[in-house]
Amino acid sequence: MSFFLPILPVAQVRAPLPQEVVQPQKVRVLPGHLDAVPVFNSNSPEIVQTEGILLSTFPPQAKRVPAAHLNFPLHGRFDLFAHHIAKAPHQSGQPLYLGVLLHNPTQQPVKVLVLRATSYLSQSEAPFIELPAYVDDRFGKVHAGPGSRVMNDVLRRRGQSGWLVSLSIPPGQSRMLANLPIPGSPSNGRTIWMRLWSNGKVHAASLALLARKAKKRWQAPTLKDWQVLLKQGPLVKPRDRAPTPPERTSGEFVYGRVAGVAQGVLWQTVVTDPKVNYLRIPRPGKAFSYGISTLDRGTLGTGQVQSAPLLVRYPDTAYRAHGNYGIEYSLTLPLYNDTKQSQKVTLAIQTPLKEERLTKGGLRFLNPPARQVLFRGTVQLRFPNQQGKIQTRYVHLVQHRGQQGKPLVRFEIPPGKRQPVQVDFLYPPDSTPPQVLTVQTLSRPNVESATSAARPR
């Protein structure tokens with residue numbers, strides 16, 4: 001006897017529709033706040049198709065396009081973040097250069113220290129590759145995209161060779177801080193992150209110029225080329241979509257991309273219950289979460305917008321630094337088991353469906369998750385083991401829209417004992433908020449946990 005399976009037309013073969021899964025639980029306001037360190041944040045327009053000015057904090061005087069200059073000096077500690085994709089209709093093989101120019105407007109020399117700097121290209125150095133949802137990354141070799149790789153280096157305090165250690169700028173003069181190509185076509189992206197300090201006021205500008213041809217070879221633009229562009233050039237066009245004002249409560253909401261100076265590079269806090277110095281774990285079988293990178297229309301019932309405010313911005317760019325690209329979250333959770341039984345506790349980062357209010361009484365997920373990747377990045381965990389020795393673990397996560405995520409770590413916490421754990425990560429570019437940090441106590445079959453009045457030891 002023989003048989004055969006009919007070959008179905010392609011149109012009849014469909015992927016299963018995702019089922020919504022509701023995790024009934026509370027999402028809590030994340031304690032703490034961003035610090036006040038300014039960030040030169042150049043991310044609009046993301047796709048660069050022409051030469052021009054991306055972001056300038058120079059004064060508008062003596063400039064052909066005054067509106068392209070935001071007149072905001074930087075001084076002391078500040079960060080610089082830039083993320084752009086070259087997609088210019090230029091000659092074959094002619095690279096686009098991304099330049100960062102610093103100017104000393106004072107009558108005294110200014111010294112700028114490059115405390116840390118790193119940059120990668122999306123095509124050759126950090127391509128977007130498919131990775132498992134969870135990868136232990138002890139040696140820091142796992143990444144997907146330039147944002148993921150840059151933030152991985154920063155988290156591990158790695159330096160990258162080839163950068164200036166310091167820059168001396170004479171009074172009234174300018175110097176190049178970065179002059180980097182974005183080669184290849186039709187599209188290649190570059191992410192730059194720098195931690196800087198200056199002993200005097202400086203103005204900064206990120207600019208885009210095509211390579212110059214000399215002796216039949218493409219060469220980087222010179223300082224003079226960049227200075228001419230700064231004085232004579234317009235803002236890069238076409239522009240990204242203009243954002244929706246935050247106060248608007250109905251209709252489509254466009255966040256926009258950032259071009260301005262944001263406020264805040266670090267959210268560092270100890271996450272505890274009110275008026276005590278510990279965090280009680282959930283009851284067995286229960287969980288609670290803290291919002292991460294919550295934003296307008298995406299506060300998950302907390303009402304907390306964590307997006308960094310913008311000190312200056314262009315009118316057609318984002319009102320806040322939604323996504324908090326490059327901002328470090330350093331969260332310490334002193335977990336405390338206040339029951340009379342040993343409890344198993346897990347910690348996870350999750351990517352629920354974005355909501356302003358929890359319309360179904362908890363976080364909403366999809367099974368299977370949607371195709372869109374909303375988070376690519378490395379998380380560092382530090383905690384004492386049973387012998388009291390500090391363990392450090394690095395995990396690279398890839399999470400799709402609606403993905404619940406695997407536990408980052410599991411603890412067996414004896415009754416009346418604490419288990420501190422520190423979670424550190426830099427919110428990676430190429431990600432989409434919000435996420436949550438979830439603490440869950442696993443169920444104990446046929447065991448009732450009674451609350452103890454004892455204080456933590």
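List of remarks:
- Flag if ASN104 is surrounded by 14 or more Cβ atoms within 10 Å (Cβ to Cβ), within 22 Å of the chain's Cα centre (by Cα) and among the polar types (S, T, N, Q): no
- Test: residue in the stretch 361-380 that is in contact with a helix residue (DSSP H, G or I) (Cβ under 7 Å, 6 or more places away or on another chain) and of a type in the set (Val, Ile, Thr): yes
- Answer residue from the stretch 357-379, given it is within 20 Å of the chain's Cα centre (by Cα) and β-branched (Val, Ile, Thr) and is farthest from ARG138 (Cα to Cα) among those: VAL373
- Screening ASP316 on (1) charged (D, E, K, R); (2) more than 28 Å from PRO73 (Cα to Cα); (3) in a loop (DSSP other than H, G, I, E, B) shows it passes everything except condition (2).
- Any hit, the stretch 293-302, residues being in a strand (DSSP E or B), touching a strand residue (DSSP E or B) at 6+ places or on another chain (Cβ under 6 Å) and not acidic (Asp, Glu): no
- Residue match in the stretch 169-178 (condition: under 29 Å from GLY402 (Cβ atoms) and either surrounded by 22 or more Cβ atoms within 10 Å (Cβ to Cβ) or in the same structural domain as SER431 (by TED's automatic domain parsing) (or both)): no
- Criterion (under 15 Å from the mean Cα position of the chain (by Cα) and of a type in the set (D, E, K, R)) met by exactly one of GLU252, GLU328, GLU247: GLU328
- Scanning the stretch 50-69 for residues that are under 24 Å from the mean Cα position of the chain (by Cα) and part of a loop (DSSP other than H, G, I, E, B) yields one hit, THR57.
- Residue list for the stretch 100-156, filter: part of a loop (DSSP other than H, G, I, E, B), closer than 14 Å to LEU397 by Cβ and touching a Ser or Thr at 6+ places or on another chain (Cβ under 7 Å): ASP137, GLY145
- The residues in the stretch 39-80 that are of a type in the set (Phe, Trp, Tyr) and either crowded, with 22+ Cβ neighbours inside 10 Å or assigned by TED's automatic domain parsing to the domain that holds ASP316 (or both) can be counted, and the count is 2.
- Selected residue (criterion: farthest from LEU235 (Cα to Cα)) from residues of the stretch 32-44 that are assigned to a loop (DSSP other than H, G, I, E, B) and touching a Ser or Thr at 6+ places or on another chain (Cβ under 9 Å): GLY32
The values are calculated or read from the model by the stated rules, or taken from the named source; none is laboratory data. The model shown is predicted, which means the values in this text are computed figures rather than measured ones. Methodologically, a virtual Cβ is constructed for each residue, glycine included, from the backbone with ideal geometry; neighbour enumeration extends over all protein chains shown.
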